[in-house]
1. With a/c under 1.5 counting as rounded, go ahead and sort the range 3-142 into rounded, prolate or oblate using the C-alpha gyration tensor (a ≥ b ≥ c being the square roots of the eigenvalues; past the cut-off, prolate if a/b is larger than b/c, else oblate).
2. Apply the a/c threshold of 1.5 to the C-alpha gyration tensor of the chain and tell me whether it is rounded, prolate or oblate.
3. Rounded, prolate or oblate: pick one for the range 263-350, where a ≥ b ≥ c are the square roots of the eigenvalues of its C-alpha gyration tensor, a/c under 1.5 means rounded, and failing that, prolate if a/b is larger than b/c, else oblate.
4. Please name which of Ser35, Gln266, Phe85 has its Cα lying farthest along the dipole of the chain towards the positive end, using unit charges on Cβ (Lys, Arg +1; Asp, Glu -1) and the Cα centre as origin.
5. Starting from the Cα of Lys305, draw a straight line to each of the aspartates and glutamates and keep only those under 20 Å, dropping any in the same chain fewer than 8 residues away.
6. Provide His24, His309 in ascending order of the number of other Cβ atoms located within 10 Å of each residue's Cβ, fewest first.
7. May I ask which residue of Leu190, Trp335, Pro5 lies farthest towards the positive end of the charge dipole of the chain, with charges of +1 (Lys, Arg) and -1 (Asp, Glu) on Cβ and the Cα centre as origin?
8. Relative to the longest principal axis of the C-alpha atoms of the chain, give the angle of the C-alpha long axis of helix 325-338, reported between 0 and 90° and rounded to the nearest 10°.
Amino acid sequence: MTDDPVLQAIDATVEALRSRSNAHWIIAFSGGKDSSAALKIFFSAYKISRLKIENITIIYCDTGVENPVLDFYVKSVLNKMKHEFENEGILVEIKLLKAPPEDRFFVRLIGRGYPPPTNSFRWCTTGLRIRPVSRYIASQNPEDTVVILGLRRAESQQRDRSMARSPEPQWQKQREGRGEYDLFLPILNLSVSEVWDAVFALSRPRSIMPQSLETLYRDASGECPVIKAPQAPPCASGRFGCWTCTVVRKDKSAAELINSGYPELQPYLTFRNWLTEIRNDPARRWPRRRSGAEGMGPLTLEARKEILHRVDELEERTRSLIIDSDERGLIASLWRIDHMPRIYYPSQKSKPQAKS
Ligand code: SF4
């Protein structure tokens, strides 16, 4: 038995592959160091195992508001990977998953008036990341599925405690609707430096370029989860994620990328910072919640129009499409509904009468 933690992770993955060679193996890939290491370990193990697995899928969750530099990097890696696997005769499907328009960031923010997310009202992760992945897994055959996740033990004490109770911590059960599937965590026991060792030392897939990854994701502290496993860390401190993310107080990662040669991100960061400033402005929020309860409610229609106007300016400045036509159509319909108070304020109408 080897002492090298990366080789141990590969050995454990070979064993896992041999024990479930007929399963559908799904690798959740975000492009960050952890999922890159997990993916490299998986394909190194696959080669060593000499198995011919028919059903391997790499999934990437495209929120539509991913940091544009990182999104470009990940999509070009996936594109190259597709050709690399084809050339090597390895059957791998690459799937980009996306939330339906009603769950997308700007439809919720500008259409429904959700305030920019905070740690205590983080309405975005489930709709943008977790639900698209769980829908995809549910559409497969969960019982015959193994999902590879790049989770590490050292990320959360709570997770460590729950894993300590498990006899085989690299294998976890994940509930999906009425079914259940297996999670396999190849990098569970690796430290950050060992994760980087795996990224640099393992050669396949070659499409993952360690130097580029290191430059882009050098100080990454986490990733917004795509699977709501009890062990998954929260994404609040994650470097990866949406350029619109207001869950972090300061988007240090975007600031660092700007300083290290990506000035094109500045307008996005300026917009995000503005969102954090207006988030709790009472003048931009309804005085009641949609339920009619006291407390700051959704963004006013004026505030939503103001945000849309700023997005239009940002699109023009960055020459990019930020809100697509489906989303714009949905936003317009949601605004029409909010112009009809009786539909949205049933309790508001009766509450003041009850108090008087
Ligand atoms: S990165 Fe931020 S905005 Fe995006 S889903 Fe995660 S918490 Fe929400």
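None of the figures in this text is laboratory data; all of them are computed from the coordinates on show. Quantities reported herein were computed from a predicted structural model and do not represent experimental measurements. All Cβ positions, even for glycine, are placed from backbone atoms using ideal geometry, and neighbour counts span all protein chains on display.
1. prolate
2. prolate
3. The shape class here is oblate.
4. About the Cα centre, the residue reaching furthest to the positive side is Gln266.
5. Leaving aside aspartates and glutamates fewer than 8 places away in the same chain, those within reach of Lys305 are Glu102, Asp103, Glu277, Asp281, Glu313, Glu315, Glu316, Asp324, Asp326, Glu327, Asp338.
6. The order, fewest Cβ neighbours first, is His309, His24.
7. Trp335
8. Value to nearest ten degrees: 40.
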